[in-house]
1. Extension gain Arg205-Ala82, at 0.36 nm per residue separation less the Cα-Cα distance, in nm?
2. In whole Hz and in residue order, list the ³J(HN,Hα) couplings for the range 368-382 that follow from phi through the Karplus curve 6.51 cos²θ - 1.76 cosθ + 1.60, θ = phi - 60°; x for Gly and Pro.
3. If you stretched the chain out fully between Ala249 and Thr31, how much longer would it get, using 0.36 nm times the residue separation minus the C-alpha to C-alpha distance?
4. Which ³J(HN,Hα) values, rounded to whole Hz and listed in residue order, are derived for the range 146-151 from phi using the Karplus coefficients 6.51, -1.76 and 1.60 in 6.51 cos²θ - 1.76 cosθ + 1.60 with θ = phi - 60°, glycine and proline given as x?
5. Taking Cα centroids, how far is the range 276-331 from the range 131-154 in Å?
6. Rounded if a/c is under 1.5, else prolate if a/b is larger than b/c, else oblate: which is the range 140-377, with a ≥ b ≥ c the root eigenvalues of its Cα gyration tensor?
7. Would you kindly calculate the translational diffusion coefficient of the range 157-292, applying Stokes-Einstein with the Kirkwood radius from alpha carbon pairs, for 37 °C and a viscosity of 0.692 mPa s, and quote it in µm² s⁻¹ without decimals?
8. Which FRET efficiency value, to the nearest 0.05, is calculated for Ala139 and Asp268 with the Förster distance at 35 angstrom and r the Cβ-Cβ distance?
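Read the figures in this text as sums done on the coordinates, not as results from a lab. In this text the structure is predicted, and so the values were computed from the model without any measurement. Counting neighbours? That spans all protein chains shown, and the Cβs are built from the backbone with ideal geometry, glycine included.
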Amino acid sequence: MQDLRQGAAALHPTRDLVIREVAATIIDVPTLREHKLSQTAVRAQSYVLVRVRLENGATGIGEAATLGGPRWSEESVEAIKANIDAYLAPALLGRPASAFVANGAVLDAAAKRNNAAKAAIDTALHDAVGKSLGLPVSALLGGAVRTSMPVLWTLASGDPAQEADEAERKLGERLHRRFKVKLGAKAPADDMRRMRHLAKVLGGRAELIADANQAWDEPTARRCLGELADMGAALVEQPVAAWNVDAMARLRARPGTPPLLADECVFDIHDMLRVGTAGAADAVSLKLVKHASLRGVQDVAAVATAAGVQLYGGCLLESSIGAAAHLHVFSTLREVEWGCEHFGPQILAADLVREPLRFSDFEVHLPQGPGLGVEIDEDAVRRFARD
Ligand code: MUC
Ligand code: MG
């Protein structure tokens, strides 16, 4: 048995798909307003744009998103670029781009975790192979079962009056009718007052969910979850620290707790199995920055589904590049009960692709065409590249 993770020459049907170049560029794009979470606040989104070039001249793009430097997770764009340049890219040169699973194993041998970096490379390889074969990325992942999905907007200025106005605008434009409210940056009493205001203004016309980004200890979460249930919150995301899966299970078992969404506590299939068997969540947020590859999203989704945990299409405020990548893999999942949150292209002052994703009738649409179905805007890259 020849192990396909060794050597490169014997792997590919033709030399056309051999990886000849992997380049990483740091990009900083301003946002239209400040975006505040429990541990960080941003006025710009920083990404690493990954570009690959194959023997046949085909190119592919991928995006590693971060949120507030190494504060949402441990990866920062500086570290992502450094590890791609020094470890991940060299491991792939000369290998066939279409050996996605074997390439993933080679990346795991080259570096532990570094999931956002690996996911960006995996996305770029799928884009380049899709364009070489004239197939959309979704077709390389088993095929799409839908071409659009509901998409929510996140309210995160921290000012309830501004947030109510923003939500009214999004509702009026028929863009979003589910809103995620970022909690945890202020004292719980302030957060509950803010949430109560939004529930009063939007109640009956829009659905509200909340994301505390790990901000509360268990007693505080008990109090807040009860109040959020009274306000009609449809889902509450990561109320306690990622390590405290047992607390999530205890909170979820209490009568009157709203459905809980696992985010920072689920990065890989083992985390998902633990959360599922502990009964710690009703749904899980799927994100490329956590699951390290497009198939990794499918793997975590399969474990979740096996455990009866619903699926939620997560994001880290990606541009249309990263959002398209997520939409391709989400489109191959039979059920994504909670839709997605890929509002990122709309909060950026400018997008990185020629034709940003299409948002209409409260849904976001899967871009058509080979590969990701989006084309890089070189002027935007020049404008926002860090150096
Ligand atoms: C998170 O924790 O969900 C997703 C949307 C948003 O506003 O923040 C991100 C990260
Ligand atoms: Mg979250």
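1. Working: separation 123, 0.36 × 123 = 44.28 nm, distance 4.64 nm.
Once the chain is fully extended between Arg205 and Ala82, it gains 39.6 nm.
2. These are the phi-based 3J(HN,Hα) values: 8, x, x, x, 6, x, 10, 10, 4, 9, 4, 5, 5, 5, 4 Hz.
3. Numbers: separation 218, 0.36 × 218 = 78.48 nm, distance 3.58 nm.
Length gained, Ala249 through Thr31: 74.9 nm.
4. With coefficients 6.51, -1.76 and 1.60, one gets 7, 10, 7, 8, x, 9 Hz.
5. 14 Å
6. Oblate shape, in that a/c is at least 1.5 and b/c is the bigger or equal ratio.
7. Values: Rh = 15.3 Å.
It diffuses with D of about 215 µm²/s by this estimate.
8. On the way: r = 26 Å, r/R0 = 0.74.
The calculated FRET efficiency here is 0.85.
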